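The values are calculated or read from the model by the stated rules, or taken from the named source; none is laboratory data. Fair warning: this is a prediction, and the values are worked out from it, not measured in the lab. Here Cβ is always computed from backbone atoms with ideal geometry, including for glycine, and neighbour counts include all displayed protein chains.
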Amino acid sequence: MKLDRFTACSIPLIGLPLGEALQTLADAGWQRIDLLGRMPHFSADPAEQDIADVEAAAAAAGVTIANLGTYLGRNFHDPDPAVVRADMELGLHGIERAARLGCRTARVLPGRGDDPAQIPVIAPHFAELAKAAEQAGIYLVMENHAGSIAGDPGLAVQLCEAVDSEYFGVIFEPANLLMGRVDYWSAYGTMRRWVHHVHFKDGHWVDGKYVATHYGDGDIRIAELVALLDAEGYTGHYAVEYEVGHLEPAATGLIRWRQWLEAL
């Protein structure tokens, strides 16, 4: 499998300074990075991080920042208008930074919890943020994750339809869906119009417990999913999300995952 559209997430290296984390990913053979929106890797807030430092670290490691795994709009559900305004300002900064870094997507957080009553509250704010994202050429995406609206494919689509922007959508994350006992094939069918980014990890259920695994040891059929998405016109990235540091350190595990993908 060609890896020209694959990226590697920096999340397993969050304990390292930005430059060291990016160099570790580069040494493992990854040139495109999904940068976690948490310091010391990235902040949307100019008061916390100079964006020039991110650019310099990426240049030094010889990598590009393809996607930002930050959490724009995380407080759009708050009843205090001042909190919402502050979060909108932070979101606009995040979009500006994503555009400067040449990113395709920036992650959003669709409220707190999975209460569908949040949808009419947060949708107008995300619609406003999506207008700025469209002007910058950045897709805003929420990850399929248990405990949030996006963990339920139907609710994720409801929010996308309420925001009503081609620049607002979903990170299709089949392992998270499987972990939540959601059929990820059916989920993709529900959300396909709104999928703008994809995360891949692997895992399976064993004796009533979900177990995260190396690629190929679980139930996520990565090659088939890539073939399906490509056939349906998906043009975004496929992010390698290494979250099995308990099995093998990320520095070598990411080499293993790259080699596994290349052998498909």
Next item on the list: Could you tell me whether the stretch 196-204 includes any residue that is among the acidic types (Asp, Glu) and not in a strand (DSSP E or B)?
Entry: no
Notebook entry, point to check: Tally time: how many residues in the stretch 30-68 are among the small types (Gly, Ala, Ser), over 21 Å from the mean Cα position of the chain (by Cα) and either in a loop (DSSP other than H, G, I, E, B) or under 23 Å from residue 196 (Cα atoms) (or both)?
Noted result: 2
Next item on the list: Quick one: residue 123 ticks every box in (1) in contact with a Ser or Thr (Cβ under 9 Å, 6 or more places away or on another chain); (2) buried (at least 19 other Cβ atoms within 10 Å of the Cβ); (3) part of a helix (DSSP H, G or I); (4) among the small types (Gly, Ala, Ser) except a single one, so which number is it?
Entry: (1)
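Which residues, counting only those in the stretch 150-174, are outside any loop (DSSP other than H, G, I, E, B), over 15 Å from the mean Cα position of the chain (by Cα) and either of a type in the set (Val, Ile, Thr) or surrounded by fewer than 19 Cβ atoms within 10 Å (Cβ to Cβ) (or both)?
154, 155, 157, 158, 161, 162, 163 - these are the residues of the stretch 150-174 that are outside any loop (DSSP other than H, G, I, E, B), over 15 Å from the mean Cα position of the chain (by Cα) and either of a type in the set (Val, Ile, Thr) or surrounded by fewer than 19 Cβ atoms within 10 Å (Cβ to Cβ) (or both).
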Margin query: Go through (1) surrounded by fewer than 19 Cβ atoms within 10 Å (Cβ to Cβ); (2) outside any helix (DSSP H, G or I) for residue 71 and report which single condition fails.
Written below: (1)
Checklist line | Any hit, the stretch 180-201, residues being at pLDDT 95 or above and touching a Ser or Thr at 6+ places or on another chain (Cβ under 7 Å) | finding: yes
Checklist line | Within the stretch 199-223, tally of residues that are of a type in the set (Lys, Arg) and buried (at least 17 other Cβ atoms within 10 Å of the Cβ) | finding: 1
Margin query: If I filter the stretch 3-23 down to residues being buried (at least 17 other Cβ atoms within 10 Å of the Cβ) and touching a Pro at 6+ places or on another chain (Cβ under 9 Å), which single residue comes out as nearest to residue 240 (Cα to Cα)?
Written below: 12
